[in-house]
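Take a look at the structure below.
The values are calculated or read from the model by the stated rules, or taken from the named source; none is laboratory data. No experiment lies behind these values; they were computed from the predicted model shown. Here Cβ is always computed from backbone atoms with ideal geometry, including for glycine, and neighbour counts include all displayed protein chains. SASA here: full protein model, heavy atoms, side chains in, ligands and nucleic acids out. Shrake-Rupley method; radii C 1.70, N 1.55, O 1.52, S 1.80 Å.
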Amino acid sequence: MTDFRSIADRIADDIAAGRLRPGQRLPPQRWFARRHRIAPSTAGRVYGELVRRGLVVGEVGRGTFVRAAPPPAQGRALVETATVAPVNLELNYPSAPGQSELLAPVLAPLLRPDVLAEALGPGAADGTPAAREAAARLLAVPGWRPEPDRFLFTGNARQAIAAALASLVRPGGRVGVEELTYPLVKEIAARLGVVLVPLDGDAEGVRPDAIAAAHRTAPLSALYLQPTLHNPTSSTTGEGRRRELGLLAVGLGLPVVEDRIWSFLHPDAVPLAVHAPGLVHVVDGLSKRVAPGLAVGFLVVPEHRTREVAAAVRSGGWSAGRFAVEAAVRWAREGVVRQLVERKREDAARRQAILGEHLDGFAVRTDPHAYYAWWELPAPWRADAFTAAAAAHGIAVTPGTAFAVDPHRTPDAVRLGLASPPERELARALRVLAGVAAGGPAAGGPGAGRPAASGMG
């Protein structure tokens, strides 16, 4: 009896040696079975093993393709990494002009020995009264001001998501998410033993009827949604749809984790918590508003859940450091965060103009407020192949496969992070990418859509 793993090993060797290139399509399983004189069921197990190893991606109705890059290393669920490239459009941390000059003076009082001794002490999940009040003022928008006593603090927003989900969902529970979602949420869910259920959406985000249908199939334990500047598409849910989602959550008694990490760029969008205050757990943070190196995550929880979520924060080791919280309080109180937000909104608008200039005519979904864009690639490009071609030109982008919850429904799109490179580098990179996209796979780099050679394996 043929061992399917040994055949998978040989194909893995071909991928590692470059004989099978990123973006190449493997033969249909029946053809593969005939070529290797194995049963079709064995061929299916070979392909399944390659998918499990993260070497290929299978797409219903289209075939199985070699990935552009190896799967991310395990154990980094709360750490975001990116490809090393001269121009990085994968990581997306905005930095406002004059940022360090604004931040540094406010930290000076913290360096006094007596103040520093207190700031270096252990941090509590609920912070301090001053921190809760400062955070409430910072996150307030017209129509919503969170109560200070409902705040919890984590090391960053990703940890806030993890704590909220850990407090709401038991292992094996189902969490409804947009069909394209923040990649690290997939890793958080895997660590917690939680099943993510992709929900169909439209231009405004997830559809209420999709939530109701999924809940009827098998009860959902919670929702994780990004209604404001959704990552990666940058779509923002309108107020009418938000009301519908809130009413549905109340009707089903369904808790919601609302990720508002980019909401500071779109100040008019109020949280879902306005429409379902007893169910929505609001996640926000400072990594985008201020800087990633001294991040603080915020959790605004329903009044009756503060103890339970605080226990999850403590048990996960996700409490924010006292020094970071003290710095955040001072930056917020002195108006530094507000100034940085204003500068970053202006910076995002300039970068959107650069995007529009160089990718005009392509199918790009974005928002004038956003620091990222979702580029639906022209045929016959596939996301993994385009990512590899971009890397060959020294440009890192994120393939759509990274955001897809269903591995069999992977979009031929890439996310472009606009925040990290200087504006001139951004313009040059977008100009190069436009040329690669227009030239097609044959001119741009590794092939897309071409079946692998008949002698494979």
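When restricted to residues that are open to solvent by 10 Å² or more (accessible area, probe 1.4 Å) and out of contact with any Pro (no Cβ under 8 Å at 6 or more places or on another chain), region 271-291 contains 5. Say whether the condition of being over 30 Å from Arg174 (Cβ atoms) and either among the hydrophobic types (A, V, I, L, M, F, W, C) or modelled with pLDDT under 95 (or both) is met by at least one residue in region 402-415. No: region 402-415 contains no residue that is over 30 Å from Arg174 (Cβ atoms) and either among the hydrophobic types (A, V, I, L, M, F, W, C) or modelled with pLDDT under 95 (or both).
The number of residues in region 292-303 that are within 13 Å of Glu147 (Cα to Cα) and either aromatic (Phe, Trp, Tyr) or open to solvent by 50 Å² or more (accessible area, probe 1.4 Å) (or both) comes to 2.
Selection over region 21-58 of residues that are open to solvent by less than 30 Å² (accessible area, probe 1.4 Å) and within 23 Å of Ala392 (Cβ to Cβ) gives a count of 6. Can you say whether Ala324 is touching a Leu at 6+ places or on another chain (Cβ under 7 Å) and either of a type in the set (D, E, K, R) or surrounded by 15 or more Cβ atoms within 10 Å (Cβ to Cβ) (or both), as far as the supplied structure shows? Here the answer is yes, as Ala324 does meet what is asked.
Identification of helices (runs of 4 or more DSSP H) wholly contained in region 312-423 with 3 or more residues that are under 20 Å from His230 (Cβ atoms) yields 336-358. Could you go through region 104-115 and let me know if any residue there is among the small types (Gly, Ala, Ser), out of contact with any strand residue (DSSP E or B) (no Cβ under 7 Å at 6 or more places or on another chain) and outside any loop (DSSP other than H, G, I, E, B). Yes. Residues that are open to solvent by 40 Å² or more (accessible area, probe 1.4 Å), within 29 Å of Leu138 (Cα to Cα) and modelled with pLDDT under 95: does region 250-262 have at least one? No, region 250-262 contains no residue that is open to solvent by 40 Å² or more (accessible area, probe 1.4 Å), within 29 Å of Leu138 (Cα to Cα) and modelled with pLDDT under 95. Within region 341-363, work out how many residues are free of Cβ contacts under 8 Å to residues at least 24 places away in the same chain and over 20 Å from Pro378 (Cβ atoms). Going through region 341-363 one residue at a time, the tally reaches 4. Checking Ala125, Ala136, Ala131, Ala140 one by one, the residue that is more than 30 Å from Pro411 (Cβ to Cβ), crowded, with 18+ Cβ neighbours inside 10 Å, without any contact (Cβ under 8 Å) to a residue 60 or more places away in the chain and of a type in the set (A, V, I, L, M) is Ala136 and no other.
I need the full set of residues from region 365-419 which are under 18 Å from the mean Cα position of the chain (by Cα), open to solvent by 10 Å² or more (accessible area, probe 1.4 Å) and more than 24 Å from Leu196 (Cβ to Cβ), in order please. Of everything in region 365-419, those that are under 18 Å from the mean Cα position of the chain (by Cα), open to solvent by 10 Å² or more (accessible area, probe 1.4 Å) and more than 24 Å from Leu196 (Cβ to Cβ) turn out to be Thr366, Asp367, His369. Of everything in region 106-122 that is hydrophobic (A, V, I, L, M, F, W, C) and closer than 24 Å to Ser315 by Cα, the residue that is most open to solvent (accessible area, probe 1.4 Å) is Leu120.
Farther than 19 Å from Arg415 by Cβ, of a type in the set (A, V, I, L, M, F, W, C) and in contact (Cβ under 8 Å) with a residue 40 or more places away in the chain, is that true of Val169? Yes: the conditions hold for Val169. Looking at region 23-37, I want the residues that are more than 18 Å from Pro380 (Cβ to Cβ) and have a partner that is part of a helix (DSSP H, G or I) and of a type in the set (Phe, Trp, Tyr) with Cβ atoms under 9 Å, at least 6 apart or on another chain. Which pairs are those? Close Cβ pairs (under 9 Å, with a partner that is part of a helix (DSSP H, G or I) and of a type in the set (Phe, Trp, Tyr)) amount to Gln29/Tyr47; Phe32/Tyr47. Out of all the residues in region 72-92, is one or more modelled with pLDDT of 85 or more, surrounded by 12 or more Cβ atoms within 10 Å (Cβ to Cβ) and over 28 Å from Ala392 (Cα atoms)? No, because not a single residue in region 72-92 is modelled with pLDDT of 85 or more, surrounded by 12 or more Cβ atoms within 10 Å (Cβ to Cβ) and over 28 Å from Ala392 (Cα atoms). In region 215-231 there is at least one residue matching the filter, namely being open to solvent by 20 Å² or more (accessible area, probe 1.4 Å) and either under 22 Å from the mean Cα position of the chain (by Cα) or among the basic types (Lys, Arg) (or both).
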